[in-house]
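Asks: Here it is, the structure in full.
The values are calculated or read from the model by the stated rules, or taken from the named source; none is laboratory data. All values reported here derive from a predicted model rather than from experimental measurement. Please note: Cβ atoms are built from the backbone with ideal geometry, for glycine as well, and neighbour counts cover all protein chains shown. When the accessible area is computed, the model is the full protein with side chains, heavy atoms only, and any ligands, DNA or RNA have been set aside. Shrake-Rupley method; radii C 1.70, N 1.55, O 1.52, S 1.80 Å.
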Amino acid sequence: YMMWYVGRDINFRYSVGLARSSEGITWVRNGLAAVFGPNPSVPFETDNVWVSSVIRTPSGFRMYYGGYAGSLAKLGTATSPDGISWTRAPENPILLPDAGSSWENQSVYGACVLELGANDFRMWYSGQNTSNLTQIGYATSTDGITWTRHPENSVLTVNTSSTWENLAAYNPRVVFDGVTFHMYYQGLTGSVSNPYGAIGYASSPDGVHWSKSSKNPVLGS
């Protein structure tokens, strides 16, 4: 098993590390240094990078990550032959906030990408507006780089009357079993300055129309 995870240093800079395991429980880090960190010369990721999703490719791996300049985020991608040495795509950033949108006009980050077949990439991502409300959108691509948003976005919204996800529904992780899409996502409640998080579950036949579980949150704080 290979795990790419986010670590924070004493200067509050976030970078991506790599660890390996033979059984998914006991992990060994790939040395002491991050394998992918913020690049001060790249305007959209001067401060932090946050790994979102890593998929296998014929030549190695492709990472999708959130790049942060201050508190604003955009999505980038990078490739690697070994999961350690990464090359950023010249097309970065590959997904920007939609200035004309009411739900994702400030930041996009926290994406999950699946490659379901030849020329068939699916992305579920976190979109945040200027009121700090965060919800989940959906986009498709034929090459994993150029993305088209779905016209029905956002596809998973917050429940403003909920006791656990009235501030945010974001950071989706999606699994497809051949018939059904299964999503685990993070919900936030409380206040923007002092939020509380839990994990919810939703299912979908097509990746667009989702039904939240009546047992949510499936993992609470």
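Asks: Kindly check whether there is at least one residue in the range 113-124 that is assigned to a strand (DSSP E or B), open to solvent by less than 40 Å² (accessible area, probe 1.4 Å) and modelled with pLDDT under 95.
Replies: Within the range 113-124 (the criterion being assigned to a strand (DSSP E or B), open to solvent by less than 40 Å² (accessible area, probe 1.4 Å) and modelled with pLDDT under 95), the answer is yes, since at least one residue qualifies.
Asks: Return the total of residues in the range 102-112 being open to solvent by less than 20 Å² (accessible area, probe 1.4 Å) and on the phi < 0 side of the Ramachandran plot.
Replies: Going through the range 102-112 one residue at a time, the tally reaches 5.
Asks: Exactly one of these conditions fails for residue 196: (1) touching a residue at least 24 places away in the same chain (Cβ under 8 Å); (2) crowded, with 16+ Cβ neighbours inside 10 Å. Give me its number.
Replies: Exception for residue 196: condition (2).
Asks: Of everything in the range 192-213, what is closer than 29 Å to residue 115 by Cα and out of contact with any Lys or Arg (no Cβ under 9 Å at 6 or more places or on another chain)? Give them in sequence order.
Replies: 197, 198, 199, 204, 205, 206, 208, 209, 210, 211, 212, 213
Asks: Tell me which residues, restricted to the range 104-130, are acidic (Asp, Glu) and closer than 21 Å to residue 45 by Cα.
Replies: Listed by number, the list holds a single entry, 104.
Asks: Could you please give the count of residues in the range 160-189 that are within 13 Å of residue 220 (Cβ to Cβ) and without any contact (Cβ under 8 Å) to a residue 24 or more places away in the chain?
Replies: 1
Asks: Answer yes if at least one residue in the range 14-36 is in contact (Cβ under 8 Å) with a residue 40 or more places away in the chain, open to solvent by 70 Å² or more (accessible area, probe 1.4 Å) and within 16 Å of the chain's Cα centre (by Cα), and no otherwise.
Replies: no
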